[in-house]
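Each remark here refers to the structure printed beneath this line.
Read the figures in this text as sums done on the coordinates, not as results from a lab. Since the structure is predicted, the reported quantities are computational estimates derived from the model, not experimental observations. Heads up, the Cβs are rebuilt from the backbone with ideal geometry, glycines too, and the neighbour counts pull from every protein chain shown.
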Amino acid sequence: MKYIHSVQQAIDYIEAHLDEPLALQQIAGRAYVSLPHLYRAFYSLTGHPIKEYIRKRRIHMAAMHLRHSGKPVWDIALDCGFDSYQAFTKMFKKVVGMTPGAYRNADLYYSFEAVNLLADVTYTADNELFARYPDVSVIRFPPLPVAVYRRCASSSQGIEEDAFRIVFAKLEQAGWPMERIRLFGTNVERASRTLPHGYDVMVPLPADGKRAAPDDFRITTFPGGLYAVGKCAETSEPLIVATWDRLLSEWLPRSTFELGDHAYVEEFLTYQGSITRLKLYLPVKRKQEPSAALETLSIAPFAVVACRAFGPDARGRADHELSAWLLRAGMTGMPQMRLYMSYSYGVEPDEGYWYELGVAIPEEVSIPVQASASCATAAPNSAPADCSRPDGFPAGSDPLQRIHTLGGGMYACLTSGAYGLMSGLLEKMHRWLYANENYALDEKQAMVRRIRRRRRG
């Protein structure tokens, strides 16, 4: 059975039982795959984690009832598979952006139709890209005369908000029509010797020349360029980072563009002097070469030092712990070392998410005894890692480190640039694998995606 049929069976089962409690293990059984395999295959073929898909389908059904029936909200919540009125109201507001009562009288229409993988399995990059990321557009930003205010600081923490607040106050004092102007920002590297972090706020100059910039602004021309534009509905730092990562690691690898050399830009959307939303401008350019092809190859076993962290902030903590270990071991500045990354692909950050970074130690390099011991020990306040097994990571919240072996088998290989979590490229590899009748995923390997040949018959 092809993976696409397995996932469609899972979707059909979900659709038939949306108003009932749904156990993921039972869904996996109906699809004839393991639960970890269902997570990956479902996300790769639909573009949605399976739990998110179920939630959005239920919200879609609830929205239909709210708009076209007079049922009480409590009854609608129960009819659509929610355990309580409170859980339904909270989830509806999170997904739709307003309460069920407000939606009933709003002009907004929420829709999340059921996926049918068998209706159209042909992959057309541009059409599918638009269908999956309708909120992302590509624009050519023209050169623009701007007044620039630079905010320098010893730390990057909060520098954007400080710069915006200062610029807004200065322009308002100078009599600029603040409700109509646009404000753009971009980071500056090595702003000064004493204050290394900098952030430029750019204000387009009026074409009529009637408004002069304050004295501490400089006049220049923003060169513009080709940009992919995404929107951030909130101004919290985690959401901004997630939106950037969505553009860089998900949208970009699937597109016909590659990363450009011009500046990253943010546009502040404001209301009465406060930032309410952001537009993020990712610099891009047309790909000059065709995308790299997948190849299969055999890799001999090799040793790695790895660190795995758990939870929504796992990426940062794994990076911090591995970097700290390399510094303690005196193993920085070695160009022959290779870095490996793996994470729980298709799993949402709050549902057992983990992220692992590892470095391959060259054969000629010996690991100091104290460094080896510290590597094989968990972070403070957590259980020690079992370094004798490849899966020697006990469950816990602290980053855990280990020495283990990778390789020793056949792998699918795709060479590309570095794009954040690489989720877009991982999806290409999974699509190739799930559509391939000669290979299947070897779930025992995690750091690099190992494959094995399918048995005939």
(message) Taking 0.36 nm per residue of sequence separation and subtracting the Cα-Cα distance, how much length would be gained by fully extending the chain between Leu108 and Leu78, in nm to one decimal?
(response) 8.5 nm
(request) Over 19 Å between C-alpha atoms is what I'm after, so list which of Lys2/Lys428; Lys51/Lys93; Lys71/Lys94; Lys51/Lys279; Lys56/Lys90; Lys51/Lys90 land there. (result) Lys71/Lys94; Lys51/Lys279
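Magnitude of the Cβ-charge dipole of region 144-222, K/R +1 and D/E -1, about the Cα centre, nearest 20 debye?
Details: 11 positive and 10 negative charges, 32 e Å.
I would put it at about 160 debye.
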(message) Let me check I have the definition right: for region 50-207, take the eigenvalues of the Cα gyration tensor, multiply each by 5, take square roots. What are those semi-axes in whole Å, largest first?
(response) 44, 22, 18
(request) Pick out, from Ala77, Ser6, Pro49, the residue whose Cα sits farthest towards the positive end of the charge dipole of region 1-115, with +1 on the Cβ of Lys and Arg and -1 on the Cβ of Asp and Glu. (result) Pro49
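Starting with the fewest neighbours, write out Thr186, Thr256 ranked by other beta-carbon atoms found within 10 Å of each beta-carbon. Present the calculation step by step, with values, prior to reporting the outcome.
Details: Thr186 18, Thr256 12.
So the residues, fewest neighbours to most, are Thr256, Thr186.
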(request) Please give every one of the lysines within straight-line cross-link reach of Lys210, meaning a C-alpha to C-alpha distance under 23 Å, and leave out same-chain neighbours fewer than 8 residues apart. (result) Lys170
(request) Search the structure for amide H atoms under 5 Å from the amide H of Asp442, placed 1.01 Å from N in the peptide plane, and list their residues when 5 or more places away or on another chain. (result) Arg450, Ile451, Arg452
(request) Count neighbours as other Cβ atoms within 10 Å of each site's Cβ, and list the GluC sites (Glu not before Pro) in region 148-219 that are DSSP loop with at most 10 such neighbours. (result) Glu179
(message) Using each residue's phi in region 299-310, evaluate 6.51 cos²θ - 1.76 cosθ + 1.60 at θ = phi - 60° and report the 3J(HN,Hα) Karplus result to the nearest Hz, with x for Gly and Pro.
(response) 10, 6, x, 8, 8, 9, 9, 10, 9, 10, 10, 10
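Against the empirical 2.2 N^0.38 Å scaling, what ratio does the C-alpha Rg of region 144-222 come to?
On the way: Rg = 12.6 Å, N = 79, 2.2 N^0.38 = 11.6 Å.
It is 1.09.
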(message) Quick query: amide H of Asp19 versus all other amide H atoms, modeled in the peptide plane; which residues come in under 5 Å with a sequence gap of 5 or more or a different chain?
(response) none
(request) Step through the residues of region 274-287 one at a time and calculate ³J(HN,Hα) from phi using the Karplus curve (6.51 cos²θ - 1.76 cosθ + 1.60, θ = phi - 60°), rounding each to whole Hz and writing x for Gly and Pro. (result) 10, 6, 9, 8, 9, 10, 10, 10, 8, x, 9, 8, 5, 5
(request) Give the Rg (one decimal place) followed by the Dmax (whole number) of region 3-104, computed from C-alpha coordinates and expressed in Å. (result) 14.5, 42
(message) Report the gain in length on full extension from Tyr32 to Leu18: 0.36 nm times residue separation, minus Cα-Cα distance, nm rounded to one decimal.
(response) 3.1 nm
